[in-house]
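The values are calculated or read from the model by the stated rules, or taken from the named source; none is laboratory data. These figures come from a predicted structure and were not determined experimentally. Cβ placement follows ideal geometry from the backbone for every residue including glycine, while neighbour counts extend to all protein chains displayed.
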């Protein structure tokens with residue numbers, strides 16, 4: 001019997017049962033479902049034939065459900081709500097408003113562009129599940145190629161064939177030099193890199209774009225390269241060391257804005273440097289030919305729109 005009902009009852013049957021139970025009259029139920037009354041009557045007879053029993057009785061007050069009818073009406077409401085919820089979920093997935101997406105970004109891009117894009121997406125649907133990793137471009141590219149990310153905001157490292165990627169958008173990255181407010185150089189104006197060479201430095205490892213940009217500026221200025229260096233990509237390690245020493249750390253402007261101007265984390269300051277430190281631009285990168293989920297496409301489009309707007 002159960003298998004027979006599963007195979008025979010359709011959503012239109014459940015809708016009629018639920019509507020009659022709610023409104024109490026076949027004519028009103030037919031009107032609510034945009035059916036003629038004869039069509040609704042035939043459908044009700046069909047349902048009762050499938051069930052093998054009457055599900056409504058006619059009374060002076062209208063149509064009252066039988067015991068079987070009450071059970072079927074209750075289940076009908078649940079079935080219809082599940083169908084409506086499934087429809088909403090499918091539409092949300094199609095429009096990129098629910099589901100899961102995983103991406104990676106370099107630190108400056110994560111702070112400056114990914115966070116605003118996530119906020120914009122969450123404003124449309126709080127149910128989206130977004131995973132963001134922050135790492136060097138070399139690590140991001142490795143994980144992108146392995147399928148760990150749908151896309152990244154980063155750079156194609158030297159030695160990697162860029163033809164295997166779809167590369168869009170562009171943002172220049174300007175660095176600032178960050179120290180603790182008690183640092184001997186914190187209150188000085190128009191500093192040269194040679195003024196900083198003898199202090200401890202906290203930087204990304206050799207070969208990374210940020211490190212290369214800093215070293216290039218030292219070389220262009222004719223200043224000696226720093227010798228006392230701690231290599232790390234961890235922002236927390238940088239903050240902890242800056243807060244407890246005379247160390248110097250180059251950071252993207254987006255990160256230094258967050259730490260030094262928007263918050264008071266670690267009581268940090270930026271140094272006034274004569275020559276700006278510019279890093280190679282980063283991009284939105286995905287694997288060429290890879291299909292992105294609707295949600296990933298929507299998040300990517302938000303990033304690209306912001307990159308274009310700020311690049312004008």
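I'm told residue 113 meets every condition in (1) within 29 Å of residue 228 (Cβ to Cβ); (2) assigned to a helix (DSSP H, G or I); (3) in contact with a strand residue (DSSP E or B) (Cβ under 8 Å, 6 or more places away or on another chain) except one. Can you identify the failing condition by its number?
(1)
Here are some residues: 105, 29. Which one is touching a strand residue (DSSP E or B) at 6+ places or on another chain (Cβ under 6 Å) and crowded, with 16+ Cβ neighbours inside 10 Å? Spell out how you get there, then give the answer.
On the way: 29 fails: touching a strand residue (DSSP E or B) at 6+ places or on another chain (Cβ under 6 Å).
Exactly one residue qualifies, and that residue is 105.
Which of the helices (runs of 4 or more DSSP H) found entirely inside segment 1-40 contain at least 2 residues meeting this: touching a helix residue (DSSP H, G or I) at 6+ places or on another chain (Cβ under 6 Å) and at pLDDT 85 or above?
Details: elements: 2-8, 11-23, 26-32.
Answer list for segment 1-40: 11-23, 26-32.
Which members of segment 117-144 meet the condition of being assigned to a helix (DSSP H, G or I), closer than 20 Å to residue 286 by Cβ and within 12 Å of the chain's Cα centre (by Cα)? Even if it seems obvious, please write down each step before you answer.
First pass over segment 117-144, keeping only residues assigned to a helix (DSSP H, G or I): 117-124, 137-144.
If we keep only those that are closer than 20 Å to residue 286 by Cβ as well, we get 117-118, 120-121, 137-144.
Within segment 117-144, 117, 118, 120, 121 qualify.
Scan (1) touching a helix residue (DSSP H, G or I) at 6+ places or on another chain (Cβ under 6 Å); (2) surrounded by fewer than 21 Cβ atoms within 10 Å (Cβ to Cβ); (3) in a helix (DSSP H, G or I) for the single condition residue 303 breaks and write down its number.
Going through the list (1) touching a helix residue (DSSP H, G or I) at 6+ places or on another chain (Cβ under 6 Å); (2) surrounded by fewer than 21 Cβ atoms within 10 Å (Cβ to Cβ); (3) in a helix (DSSP H, G or I), residue 303 breaks only (2).
Can you go through 215, 221 and tell me which one is on the phi < 0 side of the Ramachandran plot and at pLDDT below 95? Can you show your working first?
Details: 215 fails: at pLDDT below 95.
Residue meeting the stated conditions: 221.
Looking only at segment 145-163, which residues are surrounded by 14 or more Cβ atoms within 10 Å (Cβ to Cβ) and out of contact with any strand residue (DSSP E or B) (no Cβ under 6 Å at 6 or more places or on another chain)?
Taking segment 145-163 and keeping what is surrounded by 14 or more Cβ atoms within 10 Å (Cβ to Cβ), we get 148-157, 160.
Listed by number, the residues that qualify are 148, 156, 157, 160.
Give the number of residues within segment 169-184 that are within 39 Å of the chain's Cα centre (by Cα) and surrounded by fewer than 18 Cβ atoms within 10 Å (Cβ to Cβ). So that I can check it myself, show each step before the final result.
Of the residues in segment 169-184, the ones within 39 Å of the chain's Cα centre (by Cα) are 169-183.
Next cut, surrounded by fewer than 18 Cβ atoms within 10 Å (Cβ to Cβ) only: 170, 172, 174, 181-182.
The total comes to 5.
Which one of 273, 284 is within 30 Å of residue 167 (Cβ to Cβ), surrounded by 15 or more Cβ atoms within 10 Å (Cβ to Cβ) and in contact with a strand residue (DSSP E or B) (Cβ under 8 Å, 6 or more places away or on another chain)? Explain how you work it out, then say what you get.
Values: 273 fails: within 30 Å of residue 167 (Cβ to Cβ).
Criteria check complete, one pass: 284.
Evaluate the following for residue 247: is it at pLDDT 95 or above, buried (at least 16 other Cβ atoms within 10 Å of the Cβ), in the same structural domain as residue 296 (by TED's automatic domain parsing) and over 18 Å from residue 279 (Cα atoms)?
On the way: at pLDDT 95 or above: yes; buried (at least 16 other Cβ atoms within 10 Å of the Cβ): yes; in the same structural domain as residue 296 (by TED's automatic domain parsing): yes; over 18 Å from residue 279 (Cα atoms): yes.
Yes.
In this structure, does residue 79 turn out to be touching a helix residue (DSSP H, G or I) at 6+ places or on another chain (Cβ under 6 Å) and in a helix (DSSP H, G or I)? Let's see the steps before the verdict.
On the way: touching a helix residue (DSSP H, G or I) at 6+ places or on another chain (Cβ under 6 Å): yes; in a helix (DSSP H, G or I): yes.
It is true that residue 79 is touching a helix residue (DSSP H, G or I) at 6+ places or on another chain (Cβ under 6 Å) and in a helix (DSSP H, G or I).
Let me spell it out: the conditions are (1) within 14 Å of the chain's Cα centre (by Cα); (2) not in a strand (DSSP E or B), and residue 88 meets all of them except one. Which number is the exception?
Of everything listed in (1) within 14 Å of the chain's Cα centre (by Cα); (2) not in a strand (DSSP E or B), residue 88 misses just condition (1).
What is the number of the single condition among (1) touching a strand residue (DSSP E or B) at 6+ places or on another chain (Cβ under 9 Å); (2) surrounded by fewer than 12 Cβ atoms within 10 Å (Cβ to Cβ); (3) over 30 Å from residue 13 (Cβ atoms) that residue 123 does not meet?
(1)
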